[in-house]
Every structure is written in C-alpha cells, then in structure tokens.
1. Just for helices (runs of 4 or more DSSP H) wholly inside segment 182-274: which have at least 2 residues that are among the aliphatic types (A, V, I, L, M) and more than 18 Å from residue 170 (Cα to Cα)?
2. Can you tell me how many residues in segment 281-303 are loosely packed, with under 15 Cβ neighbours inside 10 Å and closer than 16 Å to residue 13 by Cβ?
3. Output the residues belonging to segment 263-286 that are hydroxyl-bearing (Ser, Thr, Tyr) and under 19 Å from residue 215 (Cβ atoms).
4. Does segment 116-130 contain at least one residue that is in the same structural domain as residue 238 (by TED's automatic domain parsing), more than 22 Å from the chain's Cα centre (by Cα) and under 26 Å from residue 280 (Cα atoms)?
5. If you take the residues of segment 104-126 that are among the polar types (S, T, N, Q) and in contact with a helix residue (DSSP H, G or I) (Cβ under 7 Å, 6 or more places away or on another chain), which of them is surrounded by the most Cβ atoms within 10 Å (Cβ to Cβ)?
6. Could you tell me whether segment 96-108 includes any residue that is of a type in the set (S, T, N, Q) and farther than 27 Å from residue 25 by Cβ?
7. State which residue is modelled with the highest pLDDT when the search covers only segment 77-103 and only residues that are buried (at least 18 other Cβ atoms within 10 Å of the Cβ) and at positive phi.
8. Step by step: first the residues of segment 188-220, then only those that are out of contact with any strand residue (DSSP E or B) (no Cβ under 6 Å at 6 or more places or on another chain) and hydrophobic (A, V, I, L, M, F, W, C), then the one that is farthest from residue 131 (Cα to Cα). Which residue is that?
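The values are calculated or read from the model by the stated rules, or taken from the named source; none is laboratory data. Just so it is clear, the structure is predicted and the values come from calculations on it, not from any experiment. All Cβ positions, even for glycine, are placed from backbone atoms using ideal geometry, and neighbour counts span all protein chains on display.
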Amino acid sequence: MALKKDFINDIITVTSKAAISCHEFIGKNDKINADKAATDSMRNEINKLKINGEVVIGEGELDEAPMLFIGEKLGVGGNLDIDIAVDPLEGTNFVAKNLPGGLSVIAVAEKGNLFNAPETYMDKIAVSNKVPIEATDLDFPLEKNIGNIAESLNKSVNDITVCLLDRPRHKEIINKLKQMNVKMRLISDGDISGALMVTDKKYNVDIFLGVGGGPEGVLAASAIDAYGCKFQGRFIFDNDKDILRAKQMGIKDLKKKYNLNEIIKGDSIFCATGITSGDLVKGVQMRDDKLITETLVTHKNSNMCKIVIREDTIKT
C-alpha cells in the first residue's frame, strides 16, 4: 500500500517547523539547546498527525533521550501504522557555528518497512544511478570500485569524485585515493547530505563511502531509494553493549551486508529542511513577516524528488 500524497504536506510541516524552531540558535554556539528545540518541535508536530507512529530511529534510548527515543509511540491514532526515522538536527555543529549544511530530517514508511537501526557506526557506500548496480560493492577493494565507476561512466580515474567524512579513521582510504589521483570531497559532518550528493550530477559526486552513523545511513537510504541510486551498509558492532543491543533488536548476523531493499521496503517519504544553507537546500530565511524554508522531498511511489518552498508567518 502506498502512502497518500497529501500526507507528504504533513511531513514537510514536521521538518519545516523543526528547522524554524532552531533558527534563533544559529551561530550561538549552543548545539544542545538547538537540538532540543528541533526535537521538541518535531515531536509536537508528529503528535498532531492521525497516525499510529513508532520511532525506529531516534535520538537514542529512553534513558538517554527524553524526546523521540527509539520505540516511542507518536500520533493521535488512526488507520495508518507508520515507522518513523528522525534526525531533528543533522549537523549540530553547523547550526551552532553558523556553517553550511544544517538540516532537519525525517523518513516515514509503513509499519515494518523501515530498518530498526541501532545507534552505532555503519560502513557504507552510496553510488550514482548512472553506474550499474553490479559495478560496485561494499566488499570490493577501493581500487576496483573506483575503476568500475570510471569505466561505466567513460571517465578517467582522476576525474572520479569521492565524498567521505574527513576523519582519522579514514586516513588509509584518503591516502589510497591520493595515490590514485582521485578527486575528493572531504566533509566535516553531515553524512546524510554526503550520501545524497550521488543523487544529482550537479553535485559532481560519483560515490560516497566510509564509516558514519548507522541511523544516518538508514535515513539517507530512504531518499536514495526514490532516486534509484545504490546504497549498501554494514553495521559495526565493536563492543559488548552494541552487540547486546543489536541482538535485542533482532539482528542475528552481526556482519551482514545490507542492500537498499533490506533497509527500506515499499513506499516511503523523506524530508530534509534546511536550517543553514548548504548544497541540498537553502537555510531558513527571514523576509518581512515571513520565515521561508526549503525542503528536499522524496516520495518513492510517485517518483517525487523535488524542492518545496514554504512560507510561515512569524508569530509576534
């Protein structure tokens, strides 16, 4: 069963209001209260919807997060049973320091169709839909993935652009890419945005790879699914707490490689509203008595992938 298109406007409202709620914290070096404002707003808006919602990806466990924790039930009830994945403030540092790329993000799917991801790291790749699915794989050597992408796009290897987080854990990958003379786009944070760079040639990114947040991987996968791009991920469980949590969530094979259709099934809606302007969308803008937001929206069943601009009147 598909999610109705009129439900999309409800989801846009959720992320738009969350983005607006932390507008006042841009550049204030207060990421805790910025995140709280976005989280509180998102929870409040979702609770207005006529759904039976459950958070499968949230702000952590019940004892760690007072709002939007994994397993929290949301909505006023109705005939629609929904899985919800949220990142109320993707890029807390971006907002705190008034840097580009702060987003408020949500993905929704029907009950059981959105992977219940643990709060741990994930090794992942996302690849442009211009590249054949079989050309790349999480288990291929880096050189093979890059070479296959170059061949399929009829480019030389040094014209391929790789996006990844600029982290010490990626030192070996970065050194290999340097040796291959591959172009790199190193990002400081925001690996949802990083993964989505493969969705449109205007971003000039052929592959996103490396280790980042598992929940962020699932959120990105929802949008990537609508674009017909490739995504693969493998969770990293490197301590007893993570292993126990994974088993409690029903994950039996701790080394399993997940393809896109195992992470997100059926229809889905994804919304990412800009808080500070970045590559994907512009941030919250004030114009006269209006607050203007831009939201990247995808809806798989209607093949919708577009930017929605919304105006909200400033409350006095």
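1. Numbers: elements: 191-196, 214-227, 240-248, 260-263.
By residue number, 214-227, 240-248, 260-263.
2. Of the residues in segment 281-303, 1 are loosely packed, with under 15 Cβ neighbours inside 10 Å and closer than 16 Å to residue 13 by Cβ.
3. Of the residues in segment 263-286, the ones hydroxyl-bearing (Ser, Thr, Tyr) are 268, 273, 276-277.
If the condition is that a residue be hydroxyl-bearing (Ser, Thr, Tyr) and under 19 Å from residue 215 (Cβ atoms), then 268, 273 are the ones that fit.
4. No; the residues of segment 116-130 include none that is in the same structural domain as residue 238 (by TED's automatic domain parsing), more than 22 Å from the chain's Cα centre (by Cα) and under 26 Å from residue 280 (Cα atoms).
5. Pass one, segment 104-126, residues among the polar types (S, T, N, Q): 104, 113, 116, 120.
Now narrow it down to the ones that are in contact with a helix residue (DSSP H, G or I) (Cβ under 7 Å, 6 or more places away or on another chain): 104, 120.
On the way: 104: 32, 120: 18.
This residue is 104.
6. Pass one, segment 96-108, residues of a type in the set (S, T, N, Q): 98, 104.
From the residues that got through so far, the ones that are farther than 27 Å from residue 25 by Cβ too are none.
No, segment 96-108 has no match at all.
7. The selected residue is 101.
8. 220
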